[in-house]
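Encoded as structure tokens, the structure appears first; notes follow it.
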Amino acid sequence: MKFSNDTMNILKNFSLINQSILFKPGNQLRTTNGAAVFAEAEILETIPIKAPIWDLPKLLSVMSIVDSPEIDFFPTYLTITSKNNVIRYAYAAESLIKSPPDKSVVVKDTFAELDLSWESIDKILKAVSILRTDVLTFKSEDSKVLLTTSTKNSSGNYGSDSFTVSTDVETSNNFKLDFKPDNFKIIADNYKVKIDTRKFINLQSDKVNYFISAEIE
């Protein structure tokens, strides 16, 4: 099989969340950083067997050596073939792979739901880098949903530097959830956002579905 550009982009993104991945039979890819992030995506290709990959960035780099690689899965290894080139890549022990369960997370009760453009997400992530902030906050203020980045000190107070994206979404719920910016390694896309009362956020696009837990104070 050949991996589509969308599948390759998803794999590259998932490698930023977790360097390992467990390919499972079917057309679902899932990954987790083991703590705060769970991501899943449906791909066009159908994976035939389990394939535990310890170093996904390395596999992606190996695939880039050849043009238009053909991927074939075998019981203990996969091959990457192109014209006169064949690369054999061995699997790891499945027990070494940090892999999420097959069940997806279900959003049950929300503080708020909104559409968030990549333009807005990109701006706030750039603000994180420029201002060197360490917190992303989804909160309600004056009945509006705001997304803010700022710095929180050891006493739990917020610093003076901040950047805020104001949405048009109104809410009667009172909430304030802090997230680590490092957990927002997401594909550039527009997202439907659900802020769950169990203190996590769900970001869903046409290509991928992320669940990110808030920091526990």
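The values are calculated or read from the model by the stated rules, or taken from the named source; none is laboratory data. Being a predicted model, the structure only gives us computed values, none of them experimental. Positions of Cβ are backbone-derived with ideal geometry, glycine not excepted, and every protein chain shown enters the neighbour counts. To get the accessible areas, we keep the full protein, side chains included, count just its heavy atoms, and leave off ligands, DNA and RNA. Shrake-Rupley method; radii C 1.70, N 1.55, O 1.52, S 1.80 Å.
Some notes on this structure:
- Within a Gaussian network of the chain (alpha carbon springs, distance under 10 Å), most fluctuating of V145, V106, V165: V106
- Remark: the chain carries a charge dipole of roughly 560 debye about the Cα centre, counting +1 on each Lys and Arg Cβ and -1 on each Asp and Glu Cβ.
- Choice from F73, F23, F200 with maximal GNM fluctuation in the chain (Cα, 10 Å cutoff): F73
- The charge dipole of segment 45-161, taken about its Cα centre with unit charges on the Cβ of Lys, Arg, Asp and Glu (plus for the first two, minus for the last two), comes to roughly 360 debye.
- From phi via Karplus (6.51, -1.76, 1.60), per-residue ³J(HN,Hα) for segment 49-54 in Hz, x at Gly/Pro: 9, 5, 9, x, 10, 6
- Among V193, V66, V135: highest mean-square fluctuation, GNM of the chain, C-alpha pairs under 10 Å: V66
- For segment 83-133, the convex hull spanned by the alpha carbon atoms encloses 303 Å³ per residue.
- The chain - accessible surface per residue (Å², probe 1.4 Å): 54 Å²
- Solvent exposure ordering (accessible area, 1.4 Å, most first) of L29, L16, L125: L16, L125, L29
- Net charge of Cβ neighbours under 13 Å - reference N190; Lys, Arg +1; Asp, Glu -1: -3
- Pairwise Cα inverse-distance average, inverted: Kirkwood Rh of the chain (Å): 18.9 Å
- For K144, neighbours were defined as the other residues whose beta-carbon sits under 9 Å from its Cβ, and their charges (Lys and Arg +1, Asp and Glu -1) total -4.
- Taking all protein chains together, D109, D72, D206 sort by accessible area into D206, D109, D72, largest first [probe 1.4 Å].
- Overall form of segment 1-107 per C-alpha gyration tensor (a/c, 1.5; a/b vs b/c): prolate
- Largest to smallest principal axis extent of the C-alpha atoms in segment 123-195, angstrom: 31, 30, 16
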